[in-house]
Every structure is written in structure tokens, then in C-alpha cells.
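Step one of this worksheet: look at the structure below.
Quick note: the coordinates plus some simple rules give every number you see, no bench work behind them. All figures in this text were calculated on a predicted structure; none of them were measured in a lab. All Cβ positions, even for glycine, are placed from backbone atoms using ideal geometry, and neighbour counts span all protein chains on display.
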Amino acid sequence: MGPQRELRIIRRTGERTCSRCIQERHPPLSEDKYTKRYHCFAIVGWNYKGPLIFYEISGNTNGKMTQVKYIELLEQYWLPLTRDPGKLESYPGAEDDRVPGEYCVLEEDGDSGHIGKKATKWKKEHNVKFYINCPSSPDFSIVENCWQPMKQHVHSKPHWEDDATKALAYEGWEKVTQKMINDWVKTMPQRLIDCQERHGKMTGW
């Protein structure tokens, strides 16, 4: 049904107990003491691919990014990007004297850590141009495409230790090339058209 949907398996007659036809159901994260969640942050855009950053969550119990952590990441990785021309290989209007920050617009989803009052106030105080993408629309977010090769690479090999897991994630992130990102950016007009033709339903992007 798609990357965000459950996979339904219909077995043939007589294959109910076949080991290849059984899909295991794992307990919720809060009940599985052996499961650890890793949180990653990255910035991507036209002719720009930032590093993969691991970060820890504190101050809440639901595992979601907090506004404080989000502001911290923006201060460290977004503001320098918009103020240092050397960090951008090229950008619209690069031939004139205006600073690259005038062309950097931060695209965000509807996560509470992104659009909360504290985070919004900070962005306005620091003249960060931003817009909130359509809620529950991963097909409009280029970074969602970027996560898939990394996740597939991590899941492709066994990993039990923190160092091994992060090493696989870094390797998977290297598989996401700048050409792939730029090609995904070019598909945005078609994504919007497909969404309109499907009346807002999943498009497959």
C-alpha cells in the first residue's frame, strides 16, 4: 500500500503455519526494553546536502523533538548556512551582491517541535524565512525521500551496538547523492499536479 502503510499478507490454503508466511508483531516501543530509537537531523536542498546529525531527546516522554532541541539545531546548522556564501555551491541570484540567506527558505512539516510558539518566535526574531508544508503529506517533503536509502541500508545488515548502528546510518546517508536530491526537487511541480488529480490522496511520491 505504500511505505507508511501496513503490509497485508494473504496466505494460500495450507500455508498458515509456513515460516515464510508469518509476519511477527512486535510490542509497542514503550514495552520493548531492547529497542532503542535514534533521532537524526539533516538539511537538504537544491545543490546542498548537510551532514547527518544524531541528537538526543530530553524533557518529554513521547520521544518527539522538542522546540528547545529544534532551536539548538537551527542555530548550529541553519543560521551558518544562510549567512556564509561559501557553504552554498550555488543558489538563485548568486551572481549579484545579495546574501544567500535571502534565498534560503526553511520547509517544515506540522511537527509540534517545529511550529510551536517558542520555535516560531525564535525564527521570526532571527529573520528565518519558513513555511509549513501540508500536514500528513510526506509526498511533498524531499527529506522524506532522503531518509529511505539510509533506513534501507541500516535494515540490510545486522547491528546490535550503538557504533555499528550509527556507522550503517552514515554509510546509508552517503548513498543519497546531490543529484538524487536535485532530481527530487525537480519533481515538485509534478507532485502537486498528481495530488490535485488524485484529490489529495496518496500519490506514490
The pairs in Lys69/Lys179; Lys157/Lys186; Lys69/Lys151; Lys157/Lys201 lying past 26 Å Cα-Cα in this model are Lys69/Lys179; Lys157/Lys186; Lys157/Lys201
Working out 0.36 nm times the residue gap between Glu171 and Trp46, then minus their Cα-Cα distance, what length gain in nm do you get to one decimal?
42.8 nm
Protection proxy ranking of 133-139, 144-150 - average other beta-carbon atoms within 10 Å, highest first
144-150, 133-139
With the 8 Å Cα cutoff and a minimum separation of six or more residues, segment 118-205 has a relative contact order in percent of 30
What is the spread of the Cα atoms of segment 98-149 along each of their three principal axes, largest first, in whole Å?
33, 29, 17
